[in-house]
Every structure is written in structure tokens, then in C-alpha cells.
1. With respect to residue 89, is the statement that it is in a strand (DSSP E or B), at pLDDT 95 or above and under 22 Å from residue 49 (Cβ atoms) true?
2. Among the residues of the range 18-37, count how many are farther than 19 Å from residue 82 by Cβ, surrounded by fewer than 19 Cβ atoms within 10 Å (Cβ to Cβ) and touching a strand residue (DSSP E or B) at 6+ places or on another chain (Cβ under 7 Å).
3. Determine, yes or no, whether residue 68 is surrounded by 19 or more Cβ atoms within 10 Å (Cβ to Cβ), in contact (Cβ under 8 Å) with a residue 12 or more places away in the chain and basic (Lys, Arg).
4. Does at least one position in the range 54-61 carry a residue that is in a loop (DSSP other than H, G, I, E, B), under 18 Å from residue 123 (Cβ atoms) and at pLDDT below 95?
5. Please determine, by comparing only the residues of the range 1-31 that are free of Cβ contacts under 8 Å to residues at least 24 places away in the same chain and either within 12 Å of residue 119 (Cβ to Cβ) or outside any helix (DSSP H, G or I) (or both), which one is nearest to the chain's Cα centre (by Cα).
6. For residue 34, state whether it is in a strand (DSSP E or B), under 13 Å from the mean Cα position of the chain (by Cα) and farther than 19 Å from residue 115 by Cα.
7. With the structure loaded, tell me whether residue 41 is surrounded by 13 or more Cβ atoms within 10 Å (Cβ to Cβ) and at pLDDT 95 or above or whether it fails that test.
Amino acid sequence: MSSATPADVLARRSQLTLNGDVDGLADLFAPDAVWEWPFAGPAGTPARLAGREAIRQHSRRVIASPLRVDEYEVTELYQTQDPEVVIAELRGKATVTTTGRSLTATAIQVLRIRDGQIVLVRDFSDPRVGEDLLGEPRPGS
């Protein structure tokens, strides 16, 4: 049983993301972990990834893409009545290396973290942000 708190796990996830450490990132997830995007995942991503290896392969594609994550942080972390479940407000800044376009994106994630491993992520992010980087910005952006 790990003594890592959800805040510890999420701080480690942020650092591994910024370092581009796909294997370290994937290893934070339980073997049967699930990552869901209820509002549809980023372009080319299924709405649900099941298993650590699927999360690892998705992470490899993201790291290999022209999207460079410059900042990634948990801005707020809320504990629920269930000690395994937290709600995280996230902010990330990234640059598309092929165009120089940059973005700042926010998201809310509901996570279940058990024994120091992420078991479930429900990612409530706006999939249009990635689409905007690849195409034209939305009106009013």
C-alpha cells in the first residue's frame, strides 16, 4: 500500500508530463485503469482508454505529436467524501512546434486514486482546443 496522497500522485503526473516521460506517466496508472472523455476526447482519441498499455500508447502519440507541453499544473484539488476520489482543476500551456501557435487550456478531472495509482480519470476538457490548433480559431477566440 502506497502512502502517496492524491496530491503527491498528481504532482508526479505533472512532472512526468513536462519531462515527456511516457513510461513513468503510464506507470502511475493501475494496470486496469480507465481514462474517459465524456465530452469526446482530443482529435483522433477514442472517448475511452482502457488499461495502462492503452494509456501508454496514447501518451506516446501525444509526446510524438508537434504539441509541446510548456506548463501543466493542478490549480485546485478537492477531496470528496470518498477518500479515493478527488476533483482537480488543471491548467496547461502548450505550443505547436510546427506553427508556433500556443494555447492555454483548462480542464476538470475527476480521479480515483488507490494505493498511489490512478484507477480512473474522467477528463472534462474542451476537445475543440486541440482542433483550433490544427485549424482556424473559433470566432471570438
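1. Working: in a strand (DSSP E or B): yes; at pLDDT 95 or above: yes; under 22 Å from residue 49 (Cβ atoms): yes.
Yes.
2. Residues flagged as farther than 19 Å from residue 82 by Cβ, surrounded by fewer than 19 Cβ atoms within 10 Å (Cβ to Cβ) and touching a strand residue (DSSP E or B) at 6+ places or on another chain (Cβ under 7 Å) within the range 18-37 amount to 1.
3. Details: surrounded by 19 or more Cβ atoms within 10 Å (Cβ to Cβ): no; in contact (Cβ under 8 Å) with a residue 12 or more places away in the chain: yes; basic (Lys, Arg): yes.
Answer is no for this residue.
4. No, the conditions are met nowhere in the range 54-61.
5. Top of the filtered list is 21.
6. On the way: in a strand (DSSP E or B): yes; under 13 Å from the mean Cα position of the chain (by Cα): yes; farther than 19 Å from residue 115 by Cα: no.
Judged against the criteria, residue 34 is not a match.
7. Values: surrounded by 13 or more Cβ atoms within 10 Å (Cβ to Cβ): yes; at pLDDT 95 or above: no.
It is false that residue 41 is surrounded by 13 or more Cβ atoms within 10 Å (Cβ to Cβ) and at pLDDT 95 or above.
Condition check ((1) within 15 Å of the chain's Cα centre (by Cα); (2) of a type outside the set (Phe, Trp, Tyr); (3) modelled with pLDDT of 90 or more; (4) assigned to a strand (DSSP E or B)) across all residues:
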site	(1), (2), (3), (4)
49	yes, yes, yes, yes
63	yes, yes, no, no
70	yes, yes, yes, yes
75	yes, yes, yes, yes
82	no, yes, yes, no
95	no, yes, yes, yes
104	yes, yes, yes, yes
109	yes, yes, yes, yes
122	yes, yes, yes, yes
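The values are calculated or read from the model by the stated rules, or taken from the named source; none is laboratory data. Here the structure is a predicted model, which means the values were calculated and not measured. Because the Cβ atoms are built from the backbone with ideal geometry, glycine has one as well, and the counts that use them run over all protein chains shown.
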